Structure formats: structure tokens, C-alpha cells
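The values are calculated or read from the model by the stated rules, or taken from the named source; none is laboratory data. These numbers come from a predicted model, not from an experiment. Note that we place each Cβ from the backbone using ideal geometry, even for glycine, and neighbour counts take in every protein chain shown. To get the accessible areas, we keep the full protein, side chains included, count just its heavy atoms, and leave off ligands, DNA and RNA. Shrake-Rupley method; radii C 1.70, N 1.55, O 1.52, S 1.80 Å.
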Amino acid sequence: MQNTTLCYIEKNDSYLLLHRTKRENDLNKDKWIGIGGHCEEGESPEDCVMREVKEETGLTLTGCSYRGIITFVSDTYEGEYMHLFHAGSFTGSEWICDEGDLEWVRIDEMNNLPHWKGDEIFLALLRQQVPFFSLKLVYKGKCLQQAVLNGKNLAVN
């Protein structure tokens with residue numbers, strides 16, 4: 001299982017999203033996601049999220065909170081532990097990302113964009129300011145089959 005981070009940077013009721021369009025064979029190709037990536041050897045999740053945000057956006061986080069861990073299980077892709085963060089303060093200016101296009105998207109419009117179905121669950125938990133949580137998402141291909149929040153099954157549409 002690989003370890004990754006994902007951060008939703010918020011400003012004026014919008015999140016800075018990355019529209020993943022620039023890399024071939026990207027499992028997130030054409031999807032809109034938060035900012036993050038793979039943890040390197042010796043990095044904590046906090047180290048990783050700070051580095052990834054700086055590398056992908058040019059921004060330096062001055063405050064972020066570790067909100068949850070998402071366990072991804074898939075019959076197609078490698079398993080993943082994704083450490084989820086929320087940030088509301090940063091310095092610097094955005095730059096061009098080599099993985100896709102950065103855009104501020106109103107939070108209430110995000111579900112209208114291409115995304116993973118399971119993202120809707122953890123984004124709702126972020127908005128509801130649910131304390132630290134554990135979420136397991138099971139996919140068959142690109143279809144969400146099961147979601148388990150803190151050990152309890154959730155209905156999957």
C-alpha cells in the first residue's frame with residue numbers, strides 16, 4: 001500500500017483544485033482533485049503535504065489540519081492510504097502546474113465536475129467539520145462499491 005496526501009486549500013468558499021489533464025496514464029486523468037501526491041521515504045504526512053502543495057501550486061501553507069485517513073481498495077489500482085488535509089491559510093502566488101490546470105472552484109459546484117464518487121463522501125465530511133475520521137473506499141474498476149466510515153458501512157448510490 002502506498003501513502004499519499006491530499007489537501008483542499010480553501011479561500012472565499014472555494015477550493016483550489018487541480019484538473020488532471022497533462023499526464024498520460026494518470027489514474028486521475030480528466031478528474032478534478034485537491035493538491036497532493038506520494039510520500040517520499042522519511043516524510044511524515046505533514047512533510048509530504050507541505051512539499052506537494054509547494055511543488056504543484058507555488059503556495060506555502062501557513063496552517064493546515066490533518067482531517068482523516070482514506071483507505072483505497074481497488075481491483076485495478078494499487079492500494080493506498082491517503083492522508084487528507086484542509087488548509088485555510090497560505091502565502092505565495094500560484095504558478096503553472098505540470099500535472100494539470102489549477103483553478104479555484106466554488107465548493108457548492110464541485111460535484112458537477114468529473115471526480116471520483118468517493119470524493120463526495122470525504123468532501124462532505126470536511127464541510128461538516130467532522131473530527132478526524134477513517135474512511136475506507138472500495139472500487140471495482142472506477143465504480144465505488146463500498147464505503148465504510150469509522151467501521152460502519154455507508155449507503156453507496
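Placing unit charges on C-beta atoms (Lys and Arg positive, Asp and Glu negative, everything else neutral), compute the dipole magnitude of the range 51-157 about its Cα centre in debye, rounded to 20.
Dipole magnitude for the range 51-157 comes out near 640 debye.
Quickly work out the ASN157-to-ARG106 label distance, labels modelled 7 Å from Cα along the C-beta direction, and quote it in nm with one decimal.
2.0
Go through the chain and flag any cysteine with no other cysteine's C-beta closer than 4.7 Å, please.
CYS7, CYS64, CYS97, CYS143
So, with +1 on the Cβ of K and R and -1 on the Cβ of D and E, and no other charges, what is the size of the charge dipole of the range 11-64 about its Cα centre, to the nearest 20 debye?
Value, rounded to 20: 340 debye.
Below 8 Å between Cα atoms, with a sequence gap of 6+, how large is the relative contact order for the chain in percent?
26
With equal scatterers on the alpha carbons only and no solvent term, can you work out the Debye log10 of I(q)/I(0) for the chain at 0.18 1/Å?
Rounded to two decimals, the profile gives -1.18.
For the range 1-60, what value does the Rg/Rh ratio take when both radii are computed over Cα atoms and Rh is the Kirkwood radius, given to two decimals? Numbers along the way, then the final one.
Details: Rg = 12.0 Å, Rh = 12.3 Å.
Using Cα coordinates only, the ratio equals 0.98.
When a/c reaches 1.5 or more, the comparison of a/b and b/c decides; with that in mind, is the range 78-157 rounded, prolate or oblate per its Cα gyration tensor? Kindly include the intermediate steps, with their values, before the conclusion.
Details: a/c = 1.89, a/b = 1.53, b/c = 1.24.
Since a/c reaches 1.5 and a/b is larger than b/c, the shape of the range 78-157 is classed as prolate.
Which whole-number percent gives the relative contact order of the range 1-80, counting Cα pairs below 8 Å spaced six or more residues apart?
Relative contact order for the range 1-80 comes out at 29 percent.
So for the pair PHE133, THR91, with labels modelled 7 Å out along Cα→Cβ, what separation do we get in nm?
The answer from the label model is 3.4 nm.
Connecting C-alpha atoms closer than 10 Å in a GNM of the chain, tell me which of ARG127, ARG20, ARG67 has the biggest fluctuation.
In this elastic network of the chain, the residue with the biggest mean-square fluctuation among ARG127, ARG20, ARG67 is ARG127.
Skip the ligands, DNA and RNA, and give the accessible area per residue of the range 1-102 with a 1.4 Å probe, whole Å². Please list the in-between numbers first.
Details: 4820 Å² over 102 residues.
Accessible surface, normalised per residue, equals 47 Å².
Jot down the radius of gyration and Dmax of the range 116-155, Cα atoms only, both in angstrom.
Cα radius of gyration and Dmax of the range 116-155 are 10.1, 30 Å respectively.
Could you calculate the contour length gain from LEU113 to THR62, that is, 0.36 nm times the residue separation minus the distance between their Cα atoms, to one decimal place in nm?
Extending this stretch completely gives an extra 15.5 nm.
Counting only helical runs of four or more DSSP H residues, what would the 222 nm mean residue ellipticity of the chain come to if each run contributes -39,500 (n - 2.57) and the total is spread over all its residues?
So the calculated ellipticity at 222 nm is -4500 deg cm²/dmol.
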